[in-house]
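Enquirer: Dropping a structure here in structure tokens format, bear with me for questions.
Throughout, read-outs are computed from the coordinates displayed, never taken from laboratory work. Please read all numbers here as calculations on a predicted model, not as lab measurements. Note that we place each Cβ from the backbone using ideal geometry, even for glycine, and neighbour counts take in every protein chain shown.
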Amino acid sequence: MRTLLALLTCLLGSASAFAQADPARIEGPGIRVGDTWIFNKLDGSKRSLEEISVNVVKRVDGARIVMESSSLDGRSVARIERTVAFNLVRVEGAGFTQTATPFYPNYSFPLYAGKTWNGKVVLTNTNRPGGETTAALQGRAIGWEMVTVPAGTFLALKLSVKGDYLATGLDDTLSGVIEDTLWYAPEVRNAVRYEYRDFVGVNRPWNHEIHELVRFWPGQ
């Protein structure tokens, strides 16, 4: 897999040409049909590559953005729904549906350094009937940074979304903290790097994953 990643990076080249001056304010994601992103998914603890995914926008209307996400070999395919502000609503994969009600609040456009927002979300998964996770999250746009990923070097607005969660309806009731960190680059209409972490209690690490952009193709 590492060899494949190196080959992809050489073939696809660098997207650093997308770099631009600080836009100060991002009015919206401006997603278009055909927008395509390739991401590496890394195990955050081991820093090892877990998956390479291809994500394509199939439909954009007044209420939803509909995407298809597949593994690089095409064997794993999921349908993803997002709000027009690019916040996650639903993932439908092989044998499961995960829903975020009303949506997972990673973004609150317009975005600019210093902006804050709040959002409450309820997460359910058909693989765990009767269980749900409720999270109260606070978002903050920290400021503009240069960030380097396999696709190149980008000027990106760093976003922090964190808060407490409570998971019920399982064998045990769990509570803890969620921490999201995103680097949003307007020229690719997406985060070029996204790091998700959650903890059981205050400081017991549980999940940790990192997504980094490998290539972006704009739609028409």
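Enquirer: Express the relative contact order of region 2-217 as a whole percentage, based on alpha carbon pairs under 8 Å and six or more residues apart in sequence. Don't skip to the answer; put the middle values down first.
Expert: Values: 550 pairs, mean separation 40.9, N = 216.
Relative contact order here is 19 percent.
Enquirer: Still on this structure, I have one more. Alpha carbon centre of region 27-68 versus region 139-177: separation in Å?
Expert: 16 Å
Enquirer: If the chain between ARG59 and THR126 were fully stretched, how many nm would it gain, using 0.36 nm times the residue separation less the Cα-Cα distance?
Expert: 21.7 nm
Enquirer: Using the beta-carbon distance between GLU51 and LEU174 and R0 = 35 Å, what value does 1/(1 + (r/R0)^6) give for FRET efficiency, to the nearest 0.05? Could the numbers behind the result be given before it?
Expert: Numbers: r = 26 Å, r/R0 = 0.73.
Rounded to the nearest 0.05, the efficiency is 0.85.
Enquirer: Quick one: what are the phi-derived ³J(HN,Hα) couplings along region 181-190, Karplus 6.51/-1.76/1.60 with θ = phi - 60°, whole Hz, x for glycine and proline?
Expert: The phi angles translate into 10, 10, 10, 9, 10, x, 5, 10, 6, 6 Hz.
Enquirer: For the chain, what is the mean residue ellipticity at 222 nm derived from helices alone (per DSSP H run of n ≥ 4: -39500 (n - 2.57); sum divided by total residues; nearest 500 deg cm²/dmol)?
Expert: That comes out to -1500 deg cm²/dmol.
Enquirer: How do the peptides 114-121, 148-155 rank, highest first, by the average count of neighbouring beta carbon atoms within 10 Å per residue?
Expert: Order by mean packing, descending: 148-155, 114-121.
Enquirer: More than 31 Å apart: what percent of Cα pairs in the chain qualify? Don't jump to the answer; show the numbers that get you there.
Expert: Working: 4320 of 24090 pairs.
That fraction is 18 percent.
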